[in-house]
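K.L.:
My structure is below; once you've seen it, I'll send some questions.
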Amino acid sequence: MSIGIAVIGAGMAGKAHAAAYRVAPTLYQPTLPELRFVSVGDVNAPLAEATANRYGFDRHDTDWRAIAEDPDIHVVSVVIANSLHLEVVKGLLDAGKHVLCEKPLADTLESAREMARLAREASSITRVGLTYRRQPGIAAIKNWIDDGTLGRVLHYSGRYWCDYGCNPNGPISWRYKGPMGSGALADVGSHLTYLSEFVVGQNIQTVSGGAFMTAITERPVPLGAVVGHGMTEISDEREPVENDDYATYTALFGDVRGSFEVSRVAAGYPNGLNIEVFCENGAASFHQDTPSQVRLYLHGDDPGTNGYRTVNLGSDHPYVAGGMAMDVSGVGFGQNEGFAYQARAFLEEVAGIPEAESLPRNASFDDGVHNMEILAAVAESAANNGKTVHL
Ligand SMILES: NC(=O)c1ccc[n+]([C@@H]2O[C@H](COP(=O)([O-])OP(=O)(O)OC[C@H]3O[C@@H](n4cnc5c(N)ncnc54)[C@H](O)[C@@H]3O)[C@@H](O)[C@H]2O)c1
């Protein structure tokens, strides 16, 4: 058995899906069947081709139907504008594909319900890319609530501040079109709301205090393709921004109340997902800027010395335990990425790519000698009551 994979959408998140399928078999022990990387689909042919080449997919397609019709493809990520999810997912499910669809599930609730109905009738597997509960820090907080370390949740605070919409010359794109609620709320509020129910452990029963704001009311029409939040050449023409740059709301989960704030015009916060949960026995917080750490406060110690402490995430924490290459307790989540960039730099040098066009070279053997000369000097100094040793 082998699994044929395709990604539809080669934009900002599409590349992340393509890369993730490549890395997935290297995590944990090799239990997966053989993976075949078949196609990247995008109406933007050069982008599809470049992404397919970059991540080692056999081909690119400009019409998603070519992917739906290919019997060698079993698994498809749908990573295109929210308003296109229904049509494409329907076609893929009709063709029997397993589908991982990006969030929010659709552009409207009606379309999302229709997709859920289609999924119930389908024989294949359907999932949504609400990625963040897989963050080991968020999952650790959830575990500390469930196992009683933090105890009963008293209240919850979540915000997802982004700054991708701050520049008024950032071009109009699908992200800025659609009714109020399809902007920042759908884009990042979808993550934040999903996470809150996961962490608190209860579904939201009521929301109140909902309010929207559009801070930048029109944006320039681009002259080229817009990828993700990126800039491109713009024309003099401007179009109205239809949806929310900012949203706020509160929610009641059973007896727990939470407050929420989302923005795409929060200067200085490229990806500012931040949750904090206050509980009977203490509190915990997570910030996406420091994804390899979580903060934990527990009542009980001397109030003169007690306070939030930082826990480094690694092989003792959910989702990543047993999955990291350097799977050592206390070696932080994120450490392994450094090895990948090091390997890339080494391979580029071996491939003859000039240094000016490559990553900075890794340390030379001479650097290694110099490094050891310093260590030897330290040892000599220590052996001689801390005397000064010249290099
Ligand atoms: N989970 C996450 O963290 C995360 C992050 C970013 C985006 N997303 C989601 O991913 C999806 C895509 O977002 P993005 O930022 O990558 O968008 P994007 O605009 O960067 O990319 C979308 C791509 O879809 C292509 N496209 C348009 N119509 C198409 C069609 N009919 N068939 C094939 N390709 C088509 C475009 O040419 C573009 O390259 C959205 O649903 C978004 O909410 C999720």
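Taken together, the values in this text are just the output of simple stated rules run on the coordinates, not laboratory data. This one's a predicted model, so the numbers in the text were calculated from it and none came from an experiment. For neighbour counting, all protein chains shown are included, and Cβ atoms are generated from backbone atoms with ideal geometry for every residue, glycine included.
K.L.:
It is to be established whether one or more residues within the range 98-118 are part of a loop (DSSP other than H, G, I, E, B), more than 12 Å from the ligand (Cβ to nearest atom) and closer than 30 Å to Gln293 by Cα.
P.N.:
no
K.L.:
Check whether at least one residue in the range 144-154 is part of a loop (DSSP other than H, G, I, E, B), in contact (Cβ under 8 Å) with a residue 12 or more places away in the chain and among the polar types (S, T, N, Q), and report yes or no.
P.N.:
Yes, the range 144-154 contains a residue that is part of a loop (DSSP other than H, G, I, E, B), in contact (Cβ under 8 Å) with a residue 12 or more places away in the chain and among the polar types (S, T, N, Q).
K.L.:
With Leu150, Leu130 as the choices, which residue is within 30 Å of Leu296 (Cβ to Cβ) and more than 16 Å from the ligand (Cβ to nearest atom)?
P.N.:
The unique qualifying residue is Leu150.
Per-residue answers, yes or no, for (1) surrounded by 15 or more Cβ atoms within 10 Å (Cβ to Cβ); (2) assigned to a strand (DSSP E or B); (3) not aliphatic (A, V, I, L, M):
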site: Glu276; (1), (2), (3): yes, yes, yes
site: Ser285; (1), (2), (3): yes, yes, yes
site: Gly300; (1), (2), (3): no, no, yes
site: Pro303; (1), (2), (3): no, no, yes
site: Thr310; (1), (2), (3): no, yes, yes
site: Tyr319; (1), (2), (3): yes, no, yes
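K.L.:
Related question: Are any residues in the range 190-239 part of a loop (DSSP other than H, G, I, E, B) and either without any contact (Cβ under 8 Å) to a residue 12 or more places away in the chain or farther than 30 Å from Asn44 by Cα (or both), and if so, which ones?
P.N.:
Scanning the range 190-239 gives Gly201, Gln202, Asn203, Ile204, Gln205, Ala215, Gly224, Glu233.
K.L.:
Turning to a different aspect of this structure: Can you tell me which residue in the range 58-75 is surrounded by the fewest Cβ atoms within 10 Å (Cβ to Cβ), limited to those that are of a type in the set (Val, Ile, Thr) and more than 10 Å from the ligand (Cβ to nearest atom)?
P.N.:
Val75
K.L.:
Can you tell me which residue within the range 246-269, out of those that are under 20 Å from the mean Cα position of the chain (by Cα) and within 16 Å of the ligand (Cβ to nearest atom), is surrounded by the fewest Cβ atoms within 10 Å (Cβ to Cβ)?
P.N.:
Top of the filtered list is Tyr269.
Here is a yes/no grid of residues against (1) more than 8 Å from the ligand (Cβ to nearest atom); (2) under 19 Å from Met115 (Cα atoms); (3) part of a strand (DSSP E or B); (4) not charged (D, E, K, R):
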{"position": "Ala16", "(1), (2), (3), (4)": "no, no, no, yes"}
{"position": "Arg22", "(1), (2), (3), (4)": "yes, no, no, no"}
{"position": "Tyr28", "(1), (2), (3), (4)": "yes, no, no, yes"}
{"position": "Phe37", "(1), (2), (3), (4)": "yes, no, yes, yes"}
{"position": "Gly56", "(1), (2), (3), (4)": "yes, no, no, yes"}
{"position": "Ser77", "(1), (2), (3), (4)": "yes, yes, yes, yes"}
{"position": "His85", "(1), (2), (3), (4)": "no, yes, no, yes"}
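K.L.:
Report, by residue number, each residue of the range 49-82 that is of a type in the set (A, V, I, L, M) and under 21 Å from Lys103 (Cα atoms).
P.N.:
Ile67, Ala68, Val75, Val76, Val78, Val79, Ile80, Ala81
K.L.:
Among the residues of the range 326-372, how many are surrounded by fewer than 12 Cβ atoms within 10 Å (Cβ to Cβ) and touching a strand residue (DSSP E or B) at 6+ places or on another chain (Cβ under 9 Å)?
P.N.:
So the answer is 1.
K.L.:
With respect to Gly181, is the statement that it is outside any strand (DSSP E or B), of a type in the set (Gly, Ala, Ser) and loosely packed, with under 15 Cβ neighbours inside 10 Å true?
P.N.:
So Gly181 fails the test.
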